[in-house]
1. Please state which one of Ser103, Ser25 is surrounded by fewer than 16 Cβ atoms within 10 Å (Cβ to Cβ), among the small types (Gly, Ala, Ser) and free of Cβ contacts under 8 Å to residues at least 24 places away in the same chain.
2. If you go through region 130-147 one residue at a time, do you hit one that is part of a loop (DSSP other than H, G, I, E, B), modelled with pLDDT of 50 or more and crowded, with 16+ Cβ neighbours inside 10 Å?
3. Scan (1) aromatic (Phe, Trp, Tyr); (2) exposed (fewer than 13 other Cβ atoms within 10 Å of the Cβ); (3) under 26 Å from Phe109 (Cα atoms); (4) modelled with pLDDT of 90 or more for the single condition Tyr38 breaks and write down its number.
4. Quick check: is even one residue across region 41-48 crowded, with 19+ Cβ neighbours inside 10 Å, assigned by TED's automatic domain parsing to the domain that holds Arg74 and under 16 Å from the mean Cα position of the chain (by Cα)?
5. Test Ala119 against the criterion of being surrounded by fewer than 12 Cβ atoms within 10 Å (Cβ to Cβ) and either in a strand (DSSP E or B) or modelled with pLDDT of 85 or more (or both), and give yes or no.
6. What residue, among those in region 1-22 that are under 13 Å from the mean Cα position of the chain (by Cα) and basic (Lys, Arg), is surrounded by the most Cβ atoms within 10 Å (Cβ to Cβ)?
7. Of these, Val10, Val60, which one is at pLDDT 80 or above, of a type in the set (A, V, I, L, M) and under 16 Å from Gly90 (Cα atoms)?
8. Evaluate region 159-170: report whether one residue or more is surrounded by 16 or more Cβ atoms within 10 Å (Cβ to Cβ), under 22 Å from the mean Cα position of the chain (by Cα) and at pLDDT below 75.
Amino acid sequence: MPRPKRIRRVNTPPRFKGFNPIGLSEETAPVLINLEEYESIRLSDFELHGQVEAARIMGVSRPTYARIYESARRKVAEAFVQCRPIVFEGGKVYFDSDWYHCSSCECWFNHPAKDKEIAQCALCGSTKITHHKGDFEKGFEGDVCICPTCGFEKVHTLGKPCNQETCESCQRPLTRKHSPHRHRNRNNNCNI
């Protein structure tokens, strides 16, 4: 099982959905550029940051940033050469903005437009929302480390693996609560 991707910070998301080549009558499949790839192009080619500084801004290692940036450049070249539209979407990102929680649909969402007031849930339209400024680094509700022996739970600290945390009562390494390996670890502790 591969390591989970680290969430990348995007300071300025695109204000548009993508681009379409002019003068083509045929419809072709678009090239999908992830938001972290867009951010890498913005940081390196528009703001002219070096890779070390851009990686620090995005919250990733320099080699990871280099892979993201190379992938973005290849996708842009593919779209130009093959006359294909570009669509910006997806990716393992969070926006450098305030976070909100809707108590109606249990949705967590952010609001990158800092100058505009948020009044309702982005998903269900409910006004039962609470503002969580700066709570992203602590982890979200449900993002929990658990002791496979006694069931002790602790809110997951973003960027620190659960197995580096220890249980307060039995001093065992913790695992992620919803990890597929949690059950395997629990079964190893059985005295059958």
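1. The conditions single out Ser25.
2. For region 130-147, residues part of a loop (DSSP other than H, G, I, E, B), modelled with pLDDT of 50 or more and crowded, with 16+ Cβ neighbours inside 10 Å: present.
3. Tyr38 satisfies every listed condition except (2).
4. No, there is no match, as no residue in region 41-48 is crowded, with 19+ Cβ neighbours inside 10 Å, assigned by TED's automatic domain parsing to the domain that holds Arg74 and under 16 Å from the mean Cα position of the chain (by Cα).
5. no
6. Per the criteria, the residue is Arg8.
7. Val10
8. Looking for residues that are surrounded by 16 or more Cβ atoms within 10 Å (Cβ to Cβ), under 22 Å from the mean Cα position of the chain (by Cα) and at pLDDT below 75, one finds none in region 159-170, hence no.
The values are calculated or read from the model by the stated rules, or taken from the named source; none is laboratory data. Because the structure is a prediction, the values reported are computed rather than measured. Note that we place each Cβ from the backbone using ideal geometry, even for glycine, and neighbour counts take in every protein chain shown.
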